[in-house]
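Undergrad: Before anything else, here's the structure in question.
The values are calculated or read from the model by the stated rules, or taken from the named source; none is laboratory data. Since the model is a prediction, treat every value here as computed from it, not as a measurement. Every residue, glycine among them, receives a Cβ derived from its backbone with ideal geometry; neighbour counts consider all protein chains shown. We work out accessible area using only protein heavy atoms, side chains counted, and drop any ligands, DNA or RNA first. Shrake-Rupley method; radii C 1.70, N 1.55, O 1.52, S 1.80 Å.
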Amino acid sequence: MKKFIVTGGSGFIGSNLVKFLLKKNYFVINIDKLSYSANPYNLKDIGKNKNYRFFKQDINNKNKVLKILNRFKPIGIFNLAAETHVDRSIDNPEQFIKSNILGVYNLLEAINLYTKKNKKKLKLTHISTDEVYGDIEKGKRSTEEYPYNPSSPYSASKASADQLIKSYIKTYKISAVISNCCNNYGPNQFPEKLIPKLIYSIITNRPLSIYGRGKNSREWIHVKDHCEALLKIFFKGKIGESYNVGSNQNIKNIDIAKKLIQILKKKSIIIGNNVKIKFVKDRPGHDFRYALDCKKIHKQLKWKSRTNLNEGLSDTFHWYLNNRDFFTSVSKKLYDKRLGLKKK
Ligand code: NAD
């Protein structure tokens, strides 16, 4: 049975990827240090699956990662272990440097040691973001050749990791590919991120906080489409290449909030009196627009995202409605501030 390591497998995208790979009959080893955004609820239904192993481990621990590589001899690693919330990176960048840059450095070192000693093939698929390209002018979309121009400590840490990986491919001949994906939505997302945050506010009859005037535009992909793209990139992606992973579905933040309210109205679900859009002070360095050009992955790997945004949002809303324990399984203290419920 072929084995994969997923780092950050207890977080949002990682837990969806772990389940996706198990369904495809791969053996999955999850390495996650269980930071605040890891939620045990995310993997509760895989229980004692015989094809799954979990290690509570920081990817910075090179020796432990090397030990896991030697023990399981996986065919590949999907690296999703990272600090991921832009606001947190503005409040406290240090952890982002540690996990997103040094963590990747240590992972690369472990891979290098392992492949040199064992002469085994091991391919790293590193999960990066569209945010590395920075603000994209209206009418344009960033290709993989677009210059990196990050605006937040988060996107700068991701950009640094991408560059480090490219240097290890050239210098140490590591087998690696990079995916630069747009904003994901779907089940298991930590409730400080826009879509689960809005859904949580709706469920609990609170105002829907939106930065600035809500005009910032993001491209959204359903996490299940992202998982399919990642497997395709692993098997078909050329070593040393980057692939943009997008949906071509851009929407302003305020329209996301409006769409969620429309979904409720359509289902005749009662909406609380406090559920109203509330504009809050904008985030510093807030990029106005991200938009990916995905011709490369469409043409070379024959992959396209499949989920229509309206349907995907509706399914996602229902998932959170039917899994309210997801919200209660996260300590509210961890995201009260991010919901604007507490003063800084
Ligand atoms: P998340 O915050 O939900 O999950 C991250 C996981 O990584 C958590 O389980 C956490 O415990 C773990 N982790 C953090 N630092 C670690 C370390 N040093 N060692 C081991 N584990 C560690 O994040 P997510 O939204 O699932 O994002 C996963 C990856 O995808 C990140 O690299 C992110 O940059 C990238 N990405 C996310 C999006 C998105 O919209 N969510 C879009 C593009 C790219």
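Undergrad: For the range 106-143, which GluC sites (Glu not before Pro) are both in a DSSP coil and crowded by at most 14 other Cβ atoms within 10 Å?
TA: GLU137
Undergrad: Before I look further, what does the chain give for accessible area per residue, probe 1.4 Å, in whole square angstrom?
TA: 46 Å²
Undergrad: Rg/Rh for the range 111-214 to two decimals, with Rh computed the Kirkwood way over all alpha-carbon pairs.
TA: Answer for the range 111-214: 1.11.
Undergrad: Relative to the Cα centre, what is the charge dipole magnitude of the chain, using +1 at the beta carbon of each Lys and Arg, -1 at the beta carbon of each Asp and Glu, and rounding to the nearest 20 debye?
TA: Using Cβ point charges on Lys, Arg, Asp and Glu, the chain gives about 920 debye.
Undergrad: Right, here's the next one. Largest first, please: the extent of the C-alpha atoms of the range 206-344 along each principal axis, to the nearest Å.
TA: Between the extreme Cα coordinates on each principal axis of the range 206-344 lie 51, 35, 29 Å.
Undergrad: On the first, second and third principal axes, largest extent first, how far apart are the outermost C-alpha atoms of the range 1-53 in Å?
TA: 32, 19, 15
Undergrad: Quick one: what do you get for the chain if you divide its Cα Rg by 2.2 N^0.38 Å?
TA: 0.96
Undergrad: For the range 52-58, just list the computed ³J(HN,Hα) in residue order, Karplus coefficients 6.51, -1.76 and 1.60, θ = phi - 60°, integers in Hz, with x standing in for Gly and Pro.
TA: 10, 10, 10, 10, 7, 7, 7
Undergrad: Pull out a ≥ b ≥ c, the square roots of the eigenvalues of the alpha-carbon gyration tensor of the range 211-287, then state rounded if a/c is under 1.5, prolate if not and a/b is larger than b/c, and oblate in the remaining case.
TA: oblate
Undergrad: Here is a further query. Which translational diffusion coefficient, to the nearest whole µm²/s, is obtained for the range 1-137 from the Stokes-Einstein equation, given a Kirkwood hydrodynamic radius over C-alpha pairs, 10 °C and 1.306 mPa s?
TA: It comes out at roughly 103 µm²/s.
Undergrad: Here's something else I'd like to know. What percentage of the solvent-accessible surface of the chain, computed with a 1.4 Å probe over protein heavy atoms, is contributed by carbon and sulfur atoms?
TA: 50 percent
Undergrad: Hey, can you grab everything whose amide H is under 5 Å from the amide H of ASN30? Only 5+ residues off in sequence or another chain; H modelled, so Pro and N-termini drop out.
TA: It is VAL6, ARG53, PHE54, PHE55, by chain and number.
Undergrad: Turning to a different aspect of this structure: Sorted by accessible area with a 1.4 angstrom probe, largest first, how do TYR105, TYR114 fall?
TA: Result of the area sort, largest leading: TYR105, TYR114.
Undergrad: Which of HIS226, HIS126, HIS318 moves most in a GNM of the chain, Cα contacts under 10 Å?
TA: HIS318
Undergrad: Further question: Pick from ASN61, ASN184, ASN216: which is most flexible by mean-square fluctuation in a GNM of the chain where alpha carbon atoms under 10 Å apart are linked?
TA: The residue with the greatest mean-square fluctuation here is ASN61.
Undergrad: Let me ask something else. For every helix of n ≥ 4 consecutive DSSP H residues, a contribution of -39,500 (n - 2.57) applies; sum these over the chain, divide by its total residues, and give [θ] at 222 nm rounded to the nearest 500 deg cm²/dmol.
TA: -11500 deg cm²/dmol
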